[in-house]
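Remarks on the structure that follows.
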Amino acid sequence: MKTDLELIQDVKSGIKAAFEELVQRHEKFLMKVVVRMTRDLDAAEDIVQDSFIKAFRRLHLFEGRSSFRSWLYQIALNTTRNRFRKTNRETIGTDHLDIAVEGESESNLIAVDVRNVIQKEVDKLPDRQKTALSLRIFEDLSFKEIAEIMQCPYDTAKANYRHALLKLKERLEGNLMLKTWTEQPRFSLMELATNSVEVDG
Amino acid sequence: MDELSLSDDWWWIDFLEDELDPMLDNDLVMLLEHSGEDRESFESFRLLKQWLKESDPIEGWPIEARLERMRNNIMLAIEETPVAERPVEKPVVKPLAPKTKQPSRRPLDNSASP
(Lines give C-alpha, C1' and ligand atoms only; values in the text may rest on other atoms or scores of the structure.)
Protein backbone atom coordinates (compact mmCIF):
# COMPACT_ATOMS: atom_id res chain seq x y z
CA MET A 1 0.00 0.00 0.00
CA LYS A 2 1.34 3.39 -0.94
CA THR A 3 2.03 5.99 1.70
CA ASP A 4 0.30 9.36 1.64
CA LEU A 5 3.49 10.96 0.40
CA GLU A 6 3.77 8.52 -2.49
CA LEU A 7 0.16 9.15 -3.45
CA ILE A 8 0.74 12.89 -3.30
CA GLN A 9 3.73 12.44 -5.57
CA ASP A 10 1.51 10.51 -7.99
CA VAL A 11 -1.06 13.30 -7.98
CA LYS A 12 1.64 15.89 -8.56
CA SER A 13 2.84 13.91 -11.54
CA GLY A 14 -0.64 14.01 -13.01
CA ILE A 15 -2.33 10.84 -11.75
CA LYS A 16 -5.54 12.31 -10.41
CA ALA A 17 -6.96 8.93 -9.42
CA ALA A 18 -4.39 8.85 -6.62
CA PHE A 19 -6.22 11.75 -5.05
CA GLU A 20 -9.34 9.62 -4.70
CA GLU A 21 -7.32 7.19 -2.60
CA LEU A 22 -6.20 10.07 -0.39
CA VAL A 23 -9.81 11.24 -0.02
CA GLN A 24 -10.92 7.74 0.90
CA ARG A 25 -8.22 7.47 3.52
CA HIS A 26 -8.99 10.72 5.30
CA GLU A 27 -12.63 11.57 4.56
CA LYS A 28 -14.04 9.85 7.62
CA PHE A 29 -11.62 11.49 10.04
CA LEU A 30 -12.18 14.91 8.51
CA MET A 31 -15.95 14.51 8.37
CA LYS A 32 -16.09 13.49 12.02
CA VAL A 33 -13.98 16.37 13.29
CA VAL A 34 -15.92 18.90 11.21
CA VAL A 35 -19.28 17.49 12.30
CA ARG A 36 -18.08 17.82 15.88
CA MET A 37 -17.24 21.46 15.22
CA THR A 38 -20.43 22.33 13.37
CA ARG A 39 -22.97 19.80 14.69
CA ASP A 40 -24.55 20.15 11.29
CA LEU A 41 -24.23 17.36 8.72
CA ASP A 42 -25.02 19.45 5.63
CA ALA A 43 -22.58 22.19 6.58
CA ALA A 44 -19.93 19.60 7.45
CA GLU A 45 -20.34 17.85 4.12
CA ASP A 46 -19.87 21.16 2.26
CA ILE A 47 -16.87 22.12 4.36
CA VAL A 48 -15.12 18.77 3.96
CA GLN A 49 -15.78 18.76 0.23
CA ASP A 50 -14.39 22.29 -0.12
CA SER A 51 -11.41 21.37 2.03
CA PHE A 52 -10.43 18.45 -0.20
CA ILE A 53 -10.82 20.55 -3.34
CA LYS A 54 -8.67 23.31 -1.79
CA ALA A 55 -6.12 20.68 -0.77
CA PHE A 56 -5.95 19.45 -4.37
CA ARG A 57 -5.44 22.96 -5.69
CA ARG A 58 -2.73 23.67 -3.15
CA LEU A 59 -1.07 20.29 -3.24
CA HIS A 60 2.01 21.80 -4.83
CA LEU A 61 2.48 23.74 -1.59
CA PHE A 62 2.47 20.62 0.57
CA GLU A 63 6.07 19.87 1.43
CA GLY A 64 5.59 16.88 3.71
CA ARG A 65 6.92 18.61 6.80
CA SER A 66 3.74 17.61 8.62
CA SER A 67 1.47 14.67 7.92
CA PHE A 68 -1.08 15.04 5.14
CA ARG A 69 -3.83 14.50 7.71
CA SER A 70 -2.77 17.41 9.89
CA TRP A 71 -2.37 19.61 6.81
CA LEU A 72 -5.90 18.70 5.75
CA TYR A 73 -7.14 19.41 9.25
CA GLN A 74 -5.70 22.94 9.08
CA ILE A 75 -7.45 23.56 5.76
CA ALA A 76 -10.74 22.24 7.17
CA LEU A 77 -10.38 24.34 10.31
CA ASN A 78 -9.85 27.51 8.28
CA THR A 79 -12.72 26.64 5.95
CA THR A 80 -15.00 26.09 8.94
CA ARG A 81 -13.99 29.42 10.48
CA ASN A 82 -14.57 31.25 7.22
CA ARG A 83 -17.96 29.63 6.82
CA PHE A 84 -19.01 30.72 10.30
CA ARG A 85 -17.68 34.19 9.72
CA LYS A 86 -19.73 34.50 6.55
CA THR A 87 -22.92 33.35 8.24
CA ASN A 88 -22.20 35.39 11.37
CA ARG A 89 -22.61 32.26 13.40
CA GLU A 90 -20.56 32.82 16.48
CA THR A 91 -21.25 29.70 18.43
CA ILE A 92 -21.78 26.14 17.53
CA GLY A 93 -25.36 25.10 18.13
CA THR A 94 -26.23 22.07 20.15
CA ASP A 95 -29.72 21.70 18.70
CA HIS A 96 -28.85 18.56 16.81
CA LEU A 97 -27.34 16.75 19.74
CA ASP A 98 -30.05 14.15 20.03
CA ILE A 99 -30.26 13.27 16.37
CA ALA A 100 -28.55 9.94 16.73
CA VAL A 101 -30.42 8.65 19.69
CA GLU A 102 -33.59 6.86 18.86
CA GLY A 103 -35.89 4.75 20.93
CA GLU A 104 -37.88 5.68 23.95
CA SER A 105 -36.68 3.32 26.63
CA GLU A 106 -35.83 4.89 29.95
CA SER A 107 -32.19 3.96 29.66
CA ASN A 108 -32.03 5.64 26.27
CA LEU A 109 -33.56 8.79 27.67
CA ILE A 110 -31.06 8.79 30.51
CA ALA A 111 -28.30 8.28 27.97
CA VAL A 112 -29.54 11.30 26.01
CA ASP A 113 -29.60 13.43 29.15
CA VAL A 114 -26.17 12.29 30.22
CA ARG A 115 -24.77 12.99 26.78
CA ASN A 116 -26.27 16.45 26.86
CA VAL A 117 -24.86 17.23 30.29
CA ILE A 118 -21.40 16.06 29.29
CA GLN A 119 -21.45 17.76 25.92
CA LYS A 120 -22.56 21.06 27.40
CA GLU A 121 -19.59 20.95 29.74
CA VAL A 122 -17.24 19.98 26.91
CA ASP A 123 -18.57 22.87 24.82
CA LYS A 124 -17.67 25.29 27.61
CA LEU A 125 -13.99 24.35 27.44
CA PRO A 126 -11.55 26.71 25.72
CA ASP A 127 -11.11 25.78 22.04
CA ARG A 128 -7.64 24.31 22.32
CA GLN A 129 -8.55 22.15 25.29
CA LYS A 130 -11.65 20.97 23.49
CA THR A 131 -9.65 20.12 20.39
CA ALA A 132 -7.03 18.16 22.32
CA LEU A 133 -9.74 16.33 24.22
CA SER A 134 -11.81 15.34 21.24
CA LEU A 135 -8.82 14.27 19.13
CA ARG A 136 -7.63 12.08 21.98
CA ILE A 137 -10.93 10.69 23.22
CA PHE A 138 -12.88 10.31 20.00
CA GLU A 139 -10.16 9.87 17.40
CA ASP A 140 -7.66 8.02 19.58
CA LEU A 141 -4.76 10.08 18.26
CA SER A 142 -1.38 10.08 19.94
CA PHE A 143 -0.22 13.30 21.57
CA LYS A 144 2.42 13.57 18.86
CA GLU A 145 -0.29 13.67 16.19
CA ILE A 146 -2.42 16.01 18.27
CA ALA A 147 0.53 18.38 18.65
CA GLU A 148 1.12 18.31 14.91
CA ILE A 149 -2.54 19.04 14.16
CA MET A 150 -2.71 21.79 16.76
CA GLN A 151 0.66 23.14 15.62
CA CYS A 152 2.05 23.25 19.11
CA PRO A 153 4.73 21.42 21.12
CA TYR A 154 4.03 17.91 22.38
CA ASP A 155 3.90 19.02 26.03
CA THR A 156 1.42 21.78 25.23
CA ALA A 157 -0.93 19.33 23.53
CA LYS A 158 -0.73 17.07 26.55
CA ALA A 159 -1.22 19.97 28.97
CA ASN A 160 -4.33 21.07 27.07
CA TYR A 161 -5.73 17.57 27.37
CA ARG A 162 -4.92 17.34 31.08
CA HIS A 163 -6.52 20.71 31.82
CA ALA A 164 -9.64 19.69 29.92
CA LEU A 165 -9.95 16.46 31.85
CA LEU A 166 -9.36 18.16 35.20
CA LYS A 167 -11.96 20.83 34.52
CA LEU A 168 -14.52 18.28 33.43
CA LYS A 169 -13.84 16.16 36.48
CA GLU A 170 -14.43 19.13 38.76
CA ARG A 171 -17.61 20.18 36.98
CA LEU A 172 -19.16 16.75 36.52
CA GLU A 173 -18.26 15.11 39.79
CA GLY A 174 -21.21 16.48 41.69
CA ASN A 175 -23.76 15.76 39.01
CA LEU A 176 -26.49 13.51 40.38
CA MET A 177 -27.62 12.30 36.99
CA LEU A 178 -24.14 11.03 36.22
CA LYS A 179 -24.02 9.28 39.56
CA THR A 180 -27.28 7.48 38.77
CA TRP A 181 -25.94 6.52 35.40
CA THR A 182 -22.74 5.27 36.90
CA GLU A 183 -24.64 3.12 39.35
CA GLN A 184 -26.31 1.19 36.54
CA PRO A 185 -25.19 -2.45 36.33
CA ARG A 186 -22.70 -1.84 33.52
CA PHE A 187 -20.75 0.43 35.83
CA SER A 188 -20.79 -1.95 38.74
CA LEU A 189 -17.71 -2.29 40.87
CA MET A 190 -17.09 -5.71 39.34
CA GLU A 191 -16.92 -4.14 35.94
CA LEU A 192 -14.66 -1.40 37.19
CA ALA A 193 -12.38 -3.96 38.73
CA THR A 194 -12.00 -5.99 35.57
CA ASN A 195 -11.39 -3.00 33.35
CA SER A 196 -9.02 -1.10 35.54
CA VAL A 197 -5.47 -1.86 36.49
CA GLU A 198 -5.24 -5.05 38.43
CA VAL A 199 -4.44 -4.09 41.97
CA ASP A 200 -4.62 -7.44 43.63
CA GLY A 201 -1.16 -8.43 42.66
CA MET B 1 7.25 8.14 46.84
CA ASP B 2 6.04 11.09 48.83
CA GLU B 3 8.66 13.38 47.40
CA LEU B 4 7.34 12.63 43.94
CA SER B 5 3.87 13.92 44.98
CA LEU B 6 2.28 11.08 43.14
CA SER B 7 -1.13 12.08 44.43
CA ASP B 8 -1.14 14.88 41.93
CA ASP B 9 -4.00 14.40 39.45
CA TRP B 10 -1.68 14.86 36.48
CA TRP B 11 0.13 11.66 37.35
CA TRP B 12 -3.11 9.73 37.21
CA ILE B 13 -4.03 11.21 33.87
CA ASP B 14 -0.63 10.29 32.44
CA PHE B 15 -0.93 6.82 33.94
CA LEU B 16 -4.37 6.41 32.39
CA GLU B 17 -3.06 7.56 29.02
CA ASP B 18 -0.03 5.30 29.20
CA GLU B 19 2.12 8.40 28.98
CA LEU B 20 3.96 7.98 32.23
CA ASP B 21 7.65 7.24 32.46
CA PRO B 22 7.71 3.41 32.80
CA MET B 23 10.02 3.84 35.81
CA LEU B 24 7.10 5.37 37.69
CA ASP B 25 4.48 2.84 36.65
CA ASN B 26 5.27 0.46 39.51
CA ASP B 27 5.04 3.27 42.05
CA LEU B 28 1.55 4.14 40.88
CA VAL B 29 0.45 0.51 40.86
CA MET B 30 1.67 0.33 44.48
CA LEU B 31 -0.36 3.42 45.34
CA LEU B 32 -3.44 1.89 43.74
CA GLU B 33 -2.89 -1.20 45.82
CA HIS B 34 -2.52 0.56 49.15
CA SER B 35 -4.35 3.85 49.00
CA GLY B 36 -8.13 4.02 48.74
CA GLU B 37 -7.97 7.75 48.09
CA ASP B 38 -5.63 7.29 45.15
CA ARG B 39 -7.69 4.42 43.82
CA GLU B 40 -10.74 6.67 43.90
CA SER B 41 -8.88 9.45 42.16
CA PHE B 42 -7.69 7.16 39.38
CA GLU B 43 -11.13 5.59 38.98
CA SER B 44 -12.77 9.00 38.65
CA PHE B 45 -10.53 9.81 35.68
CA ARG B 46 -11.04 6.40 34.15
CA LEU B 47 -14.81 6.74 34.46
CA LEU B 48 -14.77 10.29 33.13
CA LYS B 49 -12.89 9.14 30.06
CA GLN B 50 -15.40 6.34 29.59
CA TRP B 51 -18.33 8.78 29.91
CA LEU B 52 -16.74 11.07 27.39
CA LYS B 53 -16.16 8.26 24.92
CA GLU B 54 -19.76 7.16 25.26
CA SER B 55 -21.09 10.68 24.91
CA ASP B 56 -19.57 11.35 21.50
CA PRO B 57 -22.06 13.86 20.11
CA ILE B 58 -21.87 12.41 16.63
CA GLU B 59 -21.86 8.73 17.49
CA GLY B 60 -24.36 7.09 15.17
CA TRP B 61 -24.77 10.10 12.89
CA PRO B 62 -25.23 8.90 9.33
CA ILE B 63 -21.97 10.21 7.93
CA GLU B 64 -21.13 7.06 5.95
CA ALA B 65 -23.95 7.66 3.50
CA ARG B 66 -22.60 11.09 2.63
CA LEU B 67 -19.00 10.12 2.08
CA GLU B 68 -19.47 8.44 -1.28
CA ARG B 69 -21.50 11.33 -2.67
CA MET B 70 -18.91 13.77 -1.40
CA ARG B 71 -16.05 11.80 -2.92
CA ASN B 72 -17.78 11.75 -6.30
CA ASN B 73 -18.31 15.50 -6.13
CA ILE B 74 -14.67 16.07 -5.26
CA MET B 75 -13.43 13.94 -8.15
CA LEU B 76 -15.80 15.73 -10.53
CA ALA B 77 -14.63 19.13 -9.32
CA ILE B 78 -10.95 18.33 -9.78
CA GLU B 79 -11.45 16.68 -13.15
CA GLU B 80 -11.12 19.98 -14.96
CA THR B 81 -8.58 21.41 -12.58
CA PRO B 82 -5.00 21.05 -13.71
CA VAL B 83 -2.55 19.83 -11.14
CA ALA B 84 -0.83 22.94 -9.97
CA GLU B 85 2.89 22.95 -10.14
CA ARG B 86 5.17 24.43 -7.62
CA PRO B 87 6.08 27.85 -8.89
CA VAL B 88 9.68 27.95 -9.95
CA GLU B 89 11.51 30.06 -7.51
CA LYS B 90 13.14 32.92 -9.23
CA PRO B 91 16.71 33.57 -8.22
CA VAL B 92 16.90 36.41 -5.82
CA VAL B 93 18.34 39.33 -7.62
CA LYS B 94 19.70 41.96 -5.37
CA PRO B 95 18.72 45.41 -6.47
CA LEU B 96 21.64 47.30 -7.76
CA ALA B 97 23.02 49.75 -5.33
CA PRO B 98 22.07 53.24 -6.36
CA LYS B 99 24.83 54.80 -8.24
CA THR B 100 26.69 57.19 -6.14
CA LYS B 101 27.29 60.34 -7.96
CA GLN B 102 30.89 60.59 -8.76
CA PRO B 103 32.28 63.99 -8.01
CA SER B 104 32.67 65.66 -11.29
CA ARG B 105 36.20 65.95 -12.17
CA ARG B 106 37.53 69.30 -12.36
CA PRO B 107 38.83 70.14 -15.70
CA LEU B 108 42.45 69.65 -15.59
CA ASP B 109 44.11 72.71 -14.50
CA ASN B 110 47.11 72.71 -16.59
CA SER B 111 48.24 76.07 -15.55
CA ALA B 112 50.40 74.67 -12.78
CA SER B 113 51.98 72.07 -14.90
CA PRO B 114 55.40 72.76 -16.01
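For the set B:ASP38, B:ASP27, B:ASP18, solvent exposure ranked by accessible area (probe 1.4 Å, protein chains only) runs largest to smallest as B:ASP18, B:ASP27, B:ASP38. Among the listed pairs A:LYS32/A:LYS86; A:LYS28/A:LYS169; A:LYS12/A:LYS32; A:LYS54/A:LYS144; A:LYS16/A:LYS54, a Cα-Cα separation exceeding 19 Å is found for A:LYS32/A:LYS86; A:LYS28/A:LYS169; A:LYS12/A:LYS32; A:LYS54/A:LYS144. Using the Cβ of A:VAL35 as centre and a radius below 11 Å, the other residues enclosed give a net charge of 0, where K and R count +1 and D and E count -1. Rounded to the nearest 100, the interface formed by chains A and B buries 5700 square angstrom of accessible surface, both chains summed, with a 1.4 Å probe.
For the range B:71-77, 3J(HN,Hα) computed residue by residue from phi via the Karplus equation (6.51, -1.76, 1.60; θ = phi - 60°) reads 4, 4, 4, 5, 5, 5, 5 Hz, glycine and proline entered as x.
A:TRP71 exposes around 50 Å² of accessible area when a 1.4 Å probe is run over every protein chain in place.
Only protein heavy atoms count here; on that basis, with a 1.4 Å probe, B:GLU33 has an accessible area of about 80 Å².
Annotation note: trypsin sites (Lys or Arg not before Pro) in the range A:1-72 located in DSSP loop regions with a Cβ neighbour count of at most 11 within 10 Å are A:ARG65. Counting Lys and Arg as +1 and Asp and Glu as -1 over every other residue whose Cβ lies under 12 Å from the Cβ of A:LYS16, the net charge comes to -4. Peptide B:24-31 has a mean shielding of 1, counted as Cβ atoms of other protein chains within 10 Å of each residue's Cβ.
The values are calculated or read from the model by the stated rules, or taken from the named source; none is laboratory data. Fair warning: this is a prediction, and the values are worked out from it, not measured in the lab. Please note: Cβ atoms are built from the backbone with ideal geometry, for glycine as well, and neighbour counts cover all protein chains shown. These accessible areas exclude ligands, DNA and RNA; they are computed on the full protein's heavy atoms, side chains included. Shrake-Rupley method; radii C 1.70, N 1.55, O 1.52, S 1.80 Å.
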